[in-house]
Amino acid sequence: MSGLEVLFLAVALLTAGSALLSVIARDVLHAALWLVVVLGGLAGCYLVLGAELVALVQLLVYVGAVIVLVLFALMLTRDGGVPVVTSRGQRAGSALVGAGVTILLGGTLLIAFGWDQVRVDGPSNTEVATGIFGIYVWPFELLSALLLLALVAAVAVARTPVGGKDSASQRPAAPPSEAVAP
């Protein structure tokens, strides 16, 4: 095993462990923080594989934008400390589905390629950059507008009073003022 293979295995194990912790976390906020580690680990896997541009996009778009938006929305709505309540049947079913998908994907890749190394040749960084900033610039702009809209919606949801009452009407009434005799 070469040094790059060992490094890839270490980053992949860290990513898989963090993904497991993200799924079984009882707190929504903790699950989101573990998801940050998962997405950062994926960027590390891309770096080890030599796809620097994909790793950078992974960090900027997913860790830098989506996760920050999720954490911001959790903090605004004050639901970060709410525990996730699931039954044993739901957890067992989701574990079964996850294991089935893993076996199906692994088996398909093994049947298709065996244990041989496969060389993947893709476009160069300049071709990808030309595509992103040329042909596909509008989808990226729409994505940024969607993220901005989600951020504004999170602020609007956080400012909406609970139960439809204004926060001023929920305060206790002020004690009657005593009349001061002249």
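For the subset of segment 88-139 comprising residues that are exposed (fewer than 10 other Cβ atoms within 10 Å of the Cβ) and closer than 29 Å to residue 25 by Cβ, which member is modelled with the highest pLDDT?
89
Considering only residues of segment 72-87 that are surrounded by 10 or more Cβ atoms within 10 Å (Cβ to Cβ) and hydroxyl-bearing (Ser, Thr, Tyr), which is modelled with the highest pLDDT?
Top of the filtered list is 86.
Just one of 69, 60 is at pLDDT below 80 and more than 24 Å from residue 5 (Cα to Cα); which is it?
Answer to the selection: 69.
Confirm whether residue 130 is more than 20 Å from residue 49 (Cβ to Cβ) and either touching a Cys at 6+ places or on another chain (Cβ under 6 Å) or part of a helix (DSSP H, G or I) (or both).
yes
The values are calculated or read from the model by the stated rules, or taken from the named source; none is laboratory data. This one's a predicted model, so the numbers in the text were calculated from it and none came from an experiment. Cβ: placed from backbone, ideal geometry, glycine included. Neighbour counts: every protein chain shown.
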